[in-house]
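Trainee: Pasting in a structure now, in C-alpha coordinates, and then I'll have a few things to ask.
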Amino acid sequence: MAALYALVDNPLTPDPTDFRASVQHGKAVTEEELMEMIVLRNTGISISVAKKVIFEYGQALRHYMEKGRSVNGALLNSQFSISGVFTSEEDVFDANRHALHLNFTPGTLLKDVVEHVAVKKVEAMAGLPLISSYFDTESSSKNDVLTPNELGRIVGKRMKFDENDPAQGLFFVNDKKKDFAVVKFGECMPGKIIFKVPQMASGIYTLEIRCGADKIGKLKGSLTVA
(Lines give C-alpha, C1' and ligand atoms only; values in the text may rest on other atoms or scores of the structure.)
Protein backbone atom coordinates (compact mmCIF):
# COMPACT_ATOMS: atom_id res chain seq x y z
CA MET A 1 0.00 0.00 0.00
CA ALA A 2 1.07 3.59 -0.56
CA ALA A 3 0.00 7.20 -0.24
CA LEU A 4 -1.47 8.00 -3.65
CA TYR A 5 -1.17 11.39 -5.31
CA ALA A 6 -2.07 12.97 -8.64
CA LEU A 7 -0.82 16.13 -10.29
CA VAL A 8 -3.43 18.86 -10.79
CA ASP A 9 -3.34 22.47 -11.95
CA ASN A 10 -1.70 24.83 -9.47
CA PRO A 11 -4.05 27.84 -9.02
CA LEU A 12 -1.57 29.69 -6.79
CA THR A 13 0.75 30.62 -9.64
CA PRO A 14 0.11 32.28 -13.03
CA ASP A 15 2.20 29.63 -14.80
CA PRO A 16 -0.23 27.35 -16.73
CA THR A 17 2.40 24.61 -17.02
CA ASP A 18 3.08 23.92 -13.34
CA PHE A 19 1.17 21.54 -11.09
CA ARG A 20 0.62 20.68 -7.46
CA ALA A 21 0.23 17.27 -5.81
CA SER A 22 -3.29 16.30 -4.73
CA VAL A 23 -3.43 13.34 -2.34
CA GLN A 24 -6.04 10.83 -3.51
CA HIS A 25 -7.62 9.65 -0.26
CA GLY A 26 -9.10 6.20 -0.35
CA LYS A 27 -11.54 4.59 2.04
CA ALA A 28 -10.85 5.68 5.62
CA VAL A 29 -10.02 3.10 8.27
CA THR A 30 -12.96 2.62 10.62
CA GLU A 31 -12.81 2.33 14.39
CA GLU A 32 -14.04 -1.25 14.04
CA GLU A 33 -11.00 -2.10 11.90
CA LEU A 34 -8.72 -0.56 14.52
CA MET A 35 -10.35 -2.71 17.20
CA GLU A 36 -9.91 -5.83 15.08
CA MET A 37 -6.22 -5.02 14.58
CA ILE A 38 -5.73 -4.75 18.34
CA VAL A 39 -7.18 -8.25 18.75
CA LEU A 40 -5.18 -9.69 15.83
CA ARG A 41 -1.94 -8.49 17.44
CA ASN A 42 -2.56 -11.08 20.18
CA THR A 43 -2.74 -8.48 22.90
CA GLY A 44 -5.19 -10.56 24.91
CA ILE A 45 -7.61 -7.62 24.81
CA SER A 46 -11.14 -8.17 23.51
CA ILE A 47 -12.85 -5.75 21.13
CA SER A 48 -15.27 -4.67 23.87
CA VAL A 49 -12.41 -3.88 26.26
CA ALA A 50 -10.48 -2.05 23.55
CA LYS A 51 -13.53 0.10 22.76
CA LYS A 52 -13.96 0.93 26.44
CA VAL A 53 -10.30 1.90 26.86
CA ILE A 54 -10.37 4.14 23.78
CA PHE A 55 -13.60 5.77 24.95
CA GLU A 56 -12.16 6.48 28.39
CA TYR A 57 -8.93 7.78 26.81
CA GLY A 58 -11.02 10.21 24.77
CA GLN A 59 -12.95 11.27 27.86
CA ALA A 60 -9.70 11.93 29.70
CA LEU A 61 -8.41 14.07 26.81
CA ARG A 62 -11.66 16.00 26.76
CA HIS A 63 -11.53 16.55 30.54
CA TYR A 64 -8.20 18.35 30.36
CA MET A 65 -8.82 20.12 27.05
CA GLU A 66 -12.03 21.65 28.40
CA LYS A 67 -9.90 23.13 31.17
CA GLY A 68 -7.70 24.79 28.55
CA ARG A 69 -4.78 22.40 29.08
CA SER A 70 -2.44 21.38 26.27
CA VAL A 71 -1.65 17.70 25.83
CA ASN A 72 1.67 15.93 25.21
CA GLY A 73 0.84 12.30 24.53
CA ALA A 74 2.12 9.24 22.72
CA LEU A 75 -0.65 9.48 20.10
CA LEU A 76 -1.09 13.22 19.80
CA ASN A 77 -0.07 16.63 20.99
CA SER A 78 -2.61 19.41 21.26
CA GLN A 79 -2.58 23.11 21.95
CA PHE A 80 -4.92 26.05 21.56
CA SER A 81 -4.52 29.13 19.39
CA ILE A 82 -6.62 32.29 19.03
CA SER A 83 -7.27 34.12 15.78
CA GLY A 84 -8.58 37.64 15.29
CA VAL A 85 -7.34 41.17 15.90
CA PHE A 86 -7.18 42.79 19.35
CA THR A 87 -7.50 46.56 19.11
CA SER A 88 -5.49 47.44 22.21
CA GLU A 89 -3.76 45.94 25.25
CA GLU A 90 -7.00 46.36 27.18
CA ASP A 91 -9.07 44.48 24.57
CA VAL A 92 -10.44 41.06 25.63
CA PHE A 93 -11.58 37.94 23.82
CA ASP A 94 -14.86 38.52 21.98
CA ALA A 95 -16.50 35.53 20.28
CA ASN A 96 -17.87 37.86 17.59
CA ARG A 97 -14.35 38.98 16.60
CA HIS A 98 -12.07 36.18 17.76
CA ALA A 99 -12.01 32.40 17.53
CA LEU A 100 -10.42 29.71 19.68
CA HIS A 101 -8.85 26.82 17.74
CA LEU A 102 -7.76 23.37 18.89
CA ASN A 103 -4.66 22.22 17.00
CA PHE A 104 -3.18 18.72 16.81
CA THR A 105 0.20 17.28 15.86
CA PRO A 106 1.32 13.63 15.94
CA GLY A 107 2.67 12.26 19.22
CA THR A 108 5.84 10.22 19.68
CA LEU A 109 4.24 6.98 18.40
CA LEU A 110 3.10 8.56 15.13
CA LYS A 111 5.34 11.47 14.20
CA ASP A 112 7.73 9.32 12.13
CA VAL A 113 4.95 7.56 10.19
CA VAL A 114 5.64 9.54 6.99
CA GLU A 115 9.16 8.10 6.90
CA HIS A 116 7.67 4.63 6.43
CA VAL A 117 4.96 5.41 3.86
CA ALA A 118 5.56 4.68 0.17
CA VAL A 119 4.36 7.34 -2.27
CA LYS A 120 2.83 6.49 -5.65
CA LYS A 121 1.68 8.71 -8.51
CA VAL A 122 -1.74 7.94 -10.06
CA GLU A 123 -4.16 9.60 -12.47
CA ALA A 124 -6.26 12.39 -10.96
CA MET A 125 -9.76 11.48 -9.87
CA ALA A 126 -12.55 13.33 -11.62
CA GLY A 127 -13.05 16.67 -9.91
CA LEU A 128 -16.25 18.26 -8.74
CA PRO A 129 -18.16 20.60 -11.03
CA LEU A 130 -17.19 24.24 -10.58
CA ILE A 131 -19.38 27.33 -11.13
CA SER A 132 -17.04 30.30 -11.49
CA SER A 133 -19.62 33.04 -12.09
CA TYR A 134 -23.25 33.83 -12.91
CA PHE A 135 -24.27 36.61 -15.32
CA ASP A 136 -27.82 37.97 -15.34
CA THR A 137 -28.54 39.25 -18.85
CA GLU A 138 -31.54 41.41 -17.92
CA SER A 139 -29.71 43.43 -15.24
CA SER A 140 -26.21 43.00 -16.74
CA SER A 141 -24.98 42.06 -13.26
CA LYS A 142 -22.51 39.41 -12.15
CA ASN A 143 -22.97 37.17 -9.10
CA ASP A 144 -25.66 39.45 -7.70
CA VAL A 145 -29.17 39.72 -9.18
CA LEU A 146 -31.54 37.05 -10.46
CA THR A 147 -34.27 37.96 -12.95
CA PRO A 148 -36.95 35.26 -13.24
CA ASN A 149 -38.04 34.27 -16.76
CA GLU A 150 -34.98 35.93 -18.30
CA LEU A 151 -31.71 34.47 -19.54
CA GLY A 152 -28.85 33.65 -17.22
CA ARG A 153 -25.35 32.42 -18.00
CA ILE A 154 -22.83 30.55 -15.93
CA VAL A 155 -19.22 29.70 -16.71
CA GLY A 156 -17.13 27.11 -14.94
CA LYS A 157 -15.57 23.69 -15.33
CA ARG A 158 -16.78 20.07 -15.44
CA MET A 159 -20.45 21.17 -15.63
CA LYS A 160 -21.62 18.31 -17.85
CA PHE A 161 -24.73 16.52 -16.53
CA ASP A 162 -27.35 14.06 -17.75
CA GLU A 163 -30.37 16.10 -18.88
CA ASN A 164 -32.53 12.95 -18.76
CA ASP A 165 -31.90 12.46 -15.03
CA PRO A 166 -34.24 14.70 -12.96
CA ALA A 167 -31.81 14.52 -10.02
CA GLN A 168 -29.14 16.21 -12.13
CA GLY A 169 -29.05 19.70 -13.59
CA LEU A 170 -29.06 23.32 -12.50
CA PHE A 171 -30.99 24.31 -9.38
CA PHE A 172 -31.72 27.47 -7.39
CA VAL A 173 -32.22 26.75 -3.68
CA ASN A 174 -33.98 29.19 -1.34
CA ASP A 175 -33.43 29.66 2.40
CA LYS A 176 -36.06 26.98 3.12
CA LYS A 177 -34.04 24.45 1.08
CA LYS A 178 -36.67 24.35 -1.67
CA ASP A 179 -35.32 23.58 -5.15
CA PHE A 180 -36.23 25.46 -8.33
CA ALA A 181 -34.96 23.47 -11.30
CA VAL A 182 -33.89 25.02 -14.57
CA VAL A 183 -35.87 23.35 -17.37
CA LYS A 184 -35.00 25.42 -20.46
CA PHE A 185 -31.43 25.59 -21.78
CA GLY A 186 -30.08 27.58 -24.70
CA GLU A 187 -26.57 26.17 -24.51
CA CYS A 188 -25.29 23.42 -22.26
CA MET A 189 -21.53 22.87 -22.34
CA PRO A 190 -19.07 21.69 -19.65
CA GLY A 191 -17.61 25.22 -19.48
CA LYS A 192 -20.67 27.40 -20.18
CA ILE A 193 -24.43 27.06 -19.73
CA ILE A 194 -27.09 29.51 -20.95
CA PHE A 195 -30.58 29.01 -19.57
CA LYS A 196 -33.92 30.58 -18.69
CA VAL A 197 -34.19 31.49 -15.00
CA PRO A 198 -37.27 29.78 -13.51
CA GLN A 199 -40.12 31.71 -11.93
CA MET A 200 -39.22 32.37 -8.28
CA ALA A 201 -40.49 34.65 -5.52
CA SER A 202 -38.40 37.47 -4.05
CA GLY A 203 -35.64 36.20 -1.80
CA ILE A 204 -32.09 34.90 -1.51
CA TYR A 205 -30.98 31.85 -3.48
CA THR A 206 -27.92 29.67 -3.88
CA LEU A 207 -27.05 28.20 -7.26
CA GLU A 208 -26.10 24.54 -7.54
CA ILE A 209 -25.16 22.26 -10.41
CA ARG A 210 -25.65 18.55 -9.77
CA CYS A 211 -23.81 16.17 -12.05
CA GLY A 212 -24.45 12.88 -10.29
CA ALA A 213 -24.09 11.31 -6.86
CA ASP A 214 -21.79 13.41 -4.67
CA LYS A 215 -20.87 15.65 -7.63
CA ILE A 216 -22.33 18.99 -6.65
CA GLY A 217 -20.88 22.40 -7.42
CA LYS A 218 -22.07 25.65 -5.87
CA LEU A 219 -21.59 29.27 -6.82
CA LYS A 220 -19.84 31.12 -4.00
CA GLY A 221 -22.16 33.64 -2.35
CA SER A 222 -25.87 34.10 -2.96
CA LEU A 223 -28.13 35.57 -5.65
CA THR A 224 -31.12 37.84 -5.04
CA VAL A 225 -34.53 38.05 -6.65
CA ALA A 226 -35.77 41.58 -5.88
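Trainee: In Å and on Cα atoms, what radius of gyration and Dmax does region 89-146 show?
Mentor: 23.6, 62
Trainee: If you don't mind, there's one more thing I want to ask. I'd like the Karplus ³J(HN,Hα) series for region 151-165: coefficients 6.51, -1.76, 1.60, θ = phi - 60°, whole numbers in Hz, and an x wherever there's a Gly or Pro.
Mentor: Residue by residue, region 151-165 yields 7, x, 9, 10, 10, x, 9, 6, 9, 6, 9, 8, 5, 8, 9 Hz.
Trainee: Longer than 32 Å from Cα to Cα, which of Lys184/Lys215; Lys121/Lys184; Lys52/Lys220; Lys52/Lys215; Lys120/Lys177 are they? Say none if no pair is.
Mentor: The pairs that break the limit, which is 32 Å between Cα atoms, are Lys121/Lys184; Lys52/Lys220; Lys52/Lys215; Lys120/Lys177.
Trainee: In degrees between 0 and 90, to the nearest 10, how far off the longest principal axis of the chain does helix 47-65 point, with axes built from Cα atoms?
Mentor: Compared with the principal axis, the helix lies near 80 degrees.
Trainee: Listed highest first by mean packing, meaning other Cβ atoms within 10 Å per residue, what order do 33-41, 188-196, 65-73 come in?
Mentor: Listed from highest to lowest mean packing, they are 188-196, 33-41, 65-73.
Trainee: On a C-alpha basis, how far is the centre of region 76-154 from the centre of region 27-54 in Å? Whole number, if you could?
Mentor: 33
Trainee: Something else: Between Ala28 and Val49, what is the FRET efficiency for a Förster distance of 22 Å, r being their Cβ-Cβ separation, to the nearest 0.05? Mind showing how you got there, number by number?
Mentor: On the way: r = 24 Å, r/R0 = 1.08.
It comes to 0.40.
Trainee: I've got another one for you. How big is the dipole moment of the chain about its Cα centre under a simple scheme where the beta carbon of each Lys and Arg is +1, that of each Asp and Glu is -1, and everything else is neutral? Debye, nearest 20, please.
Mentor: On the way: 27 positive and 28 negative charges, 79 e Å.
The calculated dipole for the chain is roughly 380 debye.
Trainee: Provide the solvent-accessible area of Tyr134, counting protein heavy atoms only and rolling a 1.4 Å probe, rounded to the nearest 10 Å².
Mentor: 0
Trainee: How much mean residue ellipticity at 222 nm does the chain get from its helices, if each DSSP H run of length 4 or more adds -39500 (n - 2.57) and you divide by all residues, to the nearest 500 deg cm²/dmol? Provide the component values of the computation, followed by the final result.
Mentor: Values: 2 runs with 29 residues, N = 226.
Value at 222 nm, helices only, nearest 500: -4000 deg cm²/dmol.
Trainee: Roughly how tilted is helix 31-40, in degrees to the nearest 10 and between 0 and 90, from the longest Cα axis of the chain?
Mentor: On a 0 to 90 degree scale, this one is about 30.
Trainee: Leaving ligands, DNA and RNA out of it, rank His63, His25 by accessible area with a 1.4 Å probe, largest first.
Mentor: Details: His63 90, His25 150 Å².
Order by accessible area, largest first: His25, His63.
The values are calculated or read from the model by the stated rules, or taken from the named source; none is laboratory data. Fair warning: this is a prediction, and the values are worked out from it, not measured in the lab. Please note: Cβ atoms are built from the backbone with ideal geometry, for glycine as well, and neighbour counts cover all protein chains shown. SASA here: full protein model, heavy atoms, side chains in, ligands and nucleic acids out. Shrake-Rupley method; radii C 1.70, N 1.55, O 1.52, S 1.80 Å.
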